[in-house]
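Structure first, commentary second.
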Amino acid sequence: MKKEESRKLTAQELPVGDIVEASTAVEFHTGSWRSQRPVWDSNKCIHCLVCWISCPDNSIKITSDEKKITVVTGIDYDHCKGCGICANECPVKIKAITMQQETK
Ligand code: SF4
Ligand code: SF4
């Protein structure tokens with residue numbers, strides 16, 4: 001009896017694989033998980049960006065003003081999960097972000 005030949009497949013013989021499309025959390029509105037919401041006060045904010053750099057969900061909205069200085073413009077409530085880190089990290093005396101009970 002002839003022994004079956006065992007060999008590695010060539011690249012041309014390998015089955016074609018699938019390419020799974022990459023995704024991001026931007027497509028999921030994780031803000032619906034929130035029980036408390038951060039409320040930003042534009043009058044108190046000094047635009048130090050501590051909240052922006054601290055937010056684990058990239059939910060602090062920023063833009064560049066006419067002098068090309070980066071400023072906070074608000075909260076992305078579609079993705080903010082209400083963890084409260086931004087309010088905690090905002091300089092204590094300023095309290096430009098406060099956490100408030102989420103309402104339906
Ligand atoms: S940490 Fe507070 S003061 Fe600083 S940018 Fe954020 S909201 Fe404004
Ligand atoms: S509460 Fe948490 S998720 Fe929402 S903006 Fe503040 S740091 Fe980001």
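List of remarks:
- Loop sites in the range 14-77: trypsin sites (Lys or Arg not before Pro), DSSP, at most 12 other Cβ within 10 Å: Lys67, Lys68
- Geometric descriptor of the chain, per residue, is 224 Å³ (volume of the convex hull of the Cα atoms).
- Secondary-structure-derived ellipticity at 222 nm for the chain, considering helices only, amounts to -2000 deg cm²/dmol, per-run term -39500 (n - 2.57) for DSSP H runs with n ≥ 4.
- 5 angstrom amide H check on Ile75, placed H, neighbours 5+ away: Lys61
- Formal net charge of residues neighbouring Ile94 (Cβ-Cβ distance under 14 Å; K, R +1; D, E -1): +1
- Placing unit charges on the Cβ atoms only, positive for Lys and Arg and negative for Asp and Glu, gives the chain a dipole magnitude near 360 debye about its Cα centre.
- Take every Cα pair under 8 Å whose residues are at least 6 apart in sequence, average their separation, divide by the length of the chain, and the relative contact order is 34 percent.
- Selection of GluC sites (Glu not before Pro), the range 59-104, meeting DSSP coil and at most 14 other Cβ within 10 Å: Glu66, Glu102
- List His29, His47, ordered by accessible area with a 1.4 Å probe, largest first: His29, His47
- Amide H contacts under 5 Å for Met99, placed H, 5+ residues apart: Val39
The values are calculated or read from the model by the stated rules, or taken from the named source; none is laboratory data. The model shown is predicted, which means the values in this text are computed figures rather than measured ones. Quick reminder, even Gly has a Cβ in these numbers, built from the backbone with ideal geometry, and neighbours come from all protein chains shown. Side chains included, ligands, DNA and RNA excluded: accessible areas come from the protein's heavy atoms. Shrake-Rupley method; radii C 1.70, N 1.55, O 1.52, S 1.80 Å.
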